[in-house]
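Report on the structure given below.
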Amino acid sequence: MKLLTFLAGVSAVAALNNGVARTPPMGWLSWERFRCNIDCKHDPSNCISENLYMRMADIIAAEGYKEAGYQYVCIDDCWLSKSRDSNGRLQPDPDRFPHGMKALADYVHSKGLKLGIYEDVGAETCARYPGSRGHYQTDAQTFAEWGIDLLKFDACNINPEDFDEGYRQMGFYLNQTGRPILYSCEWAIGEIMHRRQANYTAILEVCNTCRNTVDITDQWKSVLNKVNNYAKDSGNFSKIAGPGGWNDPDELVIGDFSLSPDQERTQMALWSMWAAPLIMSVDLRNMRPESKSLLQNKGVIAVNQDPLGIPGTVRLTMRKVSVWTRPILPKGSLAVVVFNSQSGGAPLNVSVPVHRLINGNALDYLITDTFTGSKLGKLTYHQDLTVRVNPTGVVMVTMTPA
Ligand code: GLA
């Protein structure tokens, strides 16, 4: 681990190599769906407590999510006791986590899964629980001793002068523990909130994931806002991500209350194109079958987890339609998403000349529907890919040299 710390410190271009997140992390996080519900007296099955995380771990392990690749069960804000213990160490709320974090980690590990936790680089978390500022080394050690596998590190209540150094220090102390802990940062958001340009290269030398847009909500307009942000790609953040360091547009809200089936497919497809973390925030106890099978869709997840780790970008736009491409394996293949941002009205017929999607030679391509795996036929370099796209929906195909 010492060697890795050293390499991470001196590397100028490569993303962090602390051994984790070689492909985008997949898991579940409580925030968007369960928020800061600490009322276990009146709402015992939905409050932030060890029970909630154990139950989610049970379902991830038993109902196909784990086989699909979901691994991290993640705690967000509001798990903490309002004060540190007499040794200055963090402690979970004793009523809601009566067995402590080590026991919860053991339980999650016994299911073959990993446990994520949440803290803040500033003096307090966003919900005003004790932050890590001034305690980075102690907190990193505490997390490692508990058996934590991922740290989401927020940027509320920060000192704008030194929080970037705080992110570096926490990264350093996490590495020093010798335990591989995925480091999920909101550093870029902290910079953006203070009207500064985020230095994505510097961030992904220290962090495994980089949240670069505001909090997602369970609303189509929020998902669309992320799509527009990633289309704009300001600061060229797409170019910087790769194995070990990924951009993070925030949680999947698939299976919650607001998105239509087409909009859910759009979120799954585009997050996969961007090589974004696939972190569900949904009540896994109450899933519509379509949302569950979408979250477990093998074809789309394979694109997300493609080992080349090259994030997709917008290749062309035609009025309300954007066409996204992502190079994937086998060599020369492409994932393609055609997104119709228009809401309402009839589906659109869209034709895209194959040669406008490809940089290389004039080859023929086998086309597969990514969602269903159905073979759609062969196209030559001079033909058009013609698809019919629902309002606020996508068509996703993979193109493999014939
Ligand atoms: C911030 C983060 C969210 C969530 C909340 C918790 O808003 O961006 O993802 O962690 O804090 O308070």
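The values are calculated or read from the model by the stated rules, or taken from the named source; none is laboratory data. Quick caveat, the model's predicted, so the values are computed rather than measured. In this analysis, Cβ positions are derived from the backbone assuming ideal geometry, glycine residues included, and neighbour counts consider all displayed protein chains. These area figures cover heavy atoms from the full protein model, side chains too; ligands, DNA and RNA do not enter into them. Shrake-Rupley method; radii C 1.70, N 1.55, O 1.52, S 1.80 Å.
Any chance the stretch 183-205 includes a residue that's part of a strand (DSSP E or B), under 26 Å from Leu316 (Cβ atoms) and not hydroxyl-bearing (Ser, Thr, Tyr)?
No - not one qualifying residue is present in the stretch 183-205.
Test each condition in (1) touching a helix residue (DSSP H, G or I) at 6+ places or on another chain (Cβ under 7 Å); (2) more than 16 Å from the ligand (Cβ to nearest atom); (3) open to solvent by 10 Å² or more (accessible area, probe 1.4 Å) for Ile254 and report the one that comes out false.
Ile254 satisfies all of (1) touching a helix residue (DSSP H, G or I) at 6+ places or on another chain (Cβ under 7 Å); (2) more than 16 Å from the ligand (Cβ to nearest atom); (3) open to solvent by 10 Å² or more (accessible area, probe 1.4 Å) except (3).
Out of all the residues in the stretch 297-312, is one or more more than 21 Å from the chain's Cα centre (by Cα) and either touching a residue at least 24 places away in the same chain (Cβ under 8 Å) or under 29 Å from Gly235 (Cβ atoms) (or both)? Walk me through it before giving the result.
Of the stretch 297-312, the ones more than 21 Å from the chain's Cα centre (by Cα) are none.
For the stretch 297-312, residues more than 21 Å from the chain's Cα centre (by Cα) and either touching a residue at least 24 places away in the same chain (Cβ under 8 Å) or under 29 Å from Gly235 (Cβ atoms) (or both): absent.
For the stretch 68-107, which positions are in contact with an Asp or Glu (Cβ under 9 Å, 6 or more places away or on another chain), hydroxyl-bearing (Ser, Thr, Tyr) and part of a loop (DSSP other than H, G, I, E, B)?
Ser81 - this is the single residue of the stretch 68-107 that is in contact with an Asp or Glu (Cβ under 9 Å, 6 or more places away or on another chain), hydroxyl-bearing (Ser, Thr, Tyr) and part of a loop (DSSP other than H, G, I, E, B).
Out of the stretch 306-330, which residues are in a loop (DSSP other than H, G, I, E, B) and in contact with a strand residue (DSSP E or B) (Cβ under 8 Å, 6 or more places away or on another chain)?
Here is the first cut: in the stretch 306-330, the residues in a loop (DSSP other than H, G, I, E, B) are 306-312, 319-320, 329-330.
Asp306, Leu308, Gly309, Ile310, Pro311, Gly312, Lys320, Pro330 - these are the residues of the stretch 306-330 that are in a loop (DSSP other than H, G, I, E, B) and in contact with a strand residue (DSSP E or B) (Cβ under 8 Å, 6 or more places away or on another chain).
Can you name the condition, by its number, that Ala140 falls short on among (1) in contact with a helix residue (DSSP H, G or I) (Cβ under 9 Å, 6 or more places away or on another chain); (2) within 14 Å of the ligand (Cβ to nearest atom)?
(2)
Could you tell me how many of the residues in the stretch 100-123 are open to solvent by less than 10 Å² (accessible area, probe 1.4 Å) and under 18 Å from Leu52 (Cα atoms)? Break it down into steps so the answer makes sense when it comes.
First, the residues of the stretch 100-123 that are open to solvent by less than 10 Å² (accessible area, probe 1.4 Å): 101, 104-105, 108, 113, 115-122.
From the residues that got through so far, the ones that are under 18 Å from Leu52 (Cα atoms) too are 101, 104-105, 108, 113, 115-118.
Total meeting the criteria: 9.
Please state which one of Gln383, Gln342 is of a type in the set (S, T, N, Q) and under 18 Å from Val321 (Cβ atoms).
Numbers: Gln383 fails: under 18 Å from Val321 (Cβ atoms).
Of Gln383, Gln342, the one residue that is of a type in the set (S, T, N, Q) and under 18 Å from Val321 (Cβ atoms) is Gln342.
Taking the stretch 89-116 as the region of interest, how many residues are in contact with a helix residue (DSSP H, G or I) (Cβ under 6 Å, 6 or more places away or on another chain) and either of a type in the set (A, V, I, L, M, F, W, C) or closer than 26 Å to Glu186 by Cα (or both)?
11
Kindly indicate whether Arg133 is surrounded by fewer than 24 Cβ atoms within 10 Å (Cβ to Cβ) and within 13 Å of the ligand (Cβ to nearest atom). Show your work before the answer.
Values: surrounded by fewer than 24 Cβ atoms within 10 Å (Cβ to Cβ): yes; within 13 Å of the ligand (Cβ to nearest atom): no.
No; evaluated as a whole, the condition is false for this residue.
Tally up the residues in the stretch 204-251 that are within 18 Å of Ser341 (Cβ to Cβ), within 12 Å of the ligand (Cβ to nearest atom) and either open to solvent by 10 Å² or more (accessible area, probe 1.4 Å) or without any contact (Cβ under 8 Å) to a residue 40 or more places away in the chain (or both), please. Break it down into steps so the answer makes sense when it comes.
First, the residues of the stretch 204-251 that are within 18 Å of Ser341 (Cβ to Cβ): 213, 216, 219-233, 249.
Subset that is within 12 Å of the ligand (Cβ to nearest atom): 213, 216, 249.
Still in the running and either open to solvent by 10 Å² or more (accessible area, probe 1.4 Å) or without any contact (Cβ under 8 Å) to a residue 40 or more places away in the chain (or both): 213, 249.
Number satisfying all stated conditions: 2.
Identify, please: which residue in the stretch 143-159 is surrounded by fewer than 24 Cβ atoms within 10 Å (Cβ to Cβ) and assigned to a loop (DSSP other than H, G, I, E, B) and is, among those, farthest from the ligand (Cβ to nearest atom)?
In this case the residue turns out to be Gly147.
Which count do you get for residues in the stretch 354-380 that are at pLDDT 95 or above and either hydrophobic (A, V, I, L, M, F, W, C) or open to solvent by 30 Å² or more (accessible area, probe 1.4 Å) (or both)? Walk me through it before giving the result.
From the stretch 354-380, those at pLDDT 95 or above are 354-357, 364-380; that's our starting set.
Checking the rest, the ones that are also either hydrophobic (A, V, I, L, M, F, W, C) or open to solvent by 30 Å² or more (accessible area, probe 1.4 Å) (or both) come to 354-357, 364, 366-367, 369, 371-380.
Total satisfying the criteria: 18.
Which one of these does Cys126 not meet: (1) surrounded by fewer than 17 Cβ atoms within 10 Å (Cβ to Cβ); (2) within 16 Å of the ligand (Cβ to nearest atom)?
Among (1) surrounded by fewer than 17 Cβ atoms within 10 Å (Cβ to Cβ); (2) within 16 Å of the ligand (Cβ to nearest atom), the lone unmet condition for Cys126 is (1).
What number of residues in the stretch 160-201 are touching a residue at least 24 places away in the same chain (Cβ under 8 Å) and buried (at least 16 other Cβ atoms within 10 Å of the Cβ)?
Within the stretch 160-201, residues that are touching a residue at least 24 places away in the same chain (Cβ under 8 Å) and buried (at least 16 other Cβ atoms within 10 Å of the Cβ) number 29.
When the residues of the stretch 27-64 are filtered to those that are open to solvent by less than 10 Å² (accessible area, probe 1.4 Å) and touching a strand residue (DSSP E or B) at 6+ places or on another chain (Cβ under 8 Å), which remaining residue is nearest to the ligand (Cβ to nearest atom)?
Step by step, filter the stretch 27-64, then rank; the result is Ser30.
Scan Val300, Val338 and give me the residue that is of a type outside the set (S, T, N, Q) and outside any strand (DSSP E or B). Reasoning before the result, please.
Values: Val338 fails: outside any strand (DSSP E or B).
Answer to the selection: Val300.
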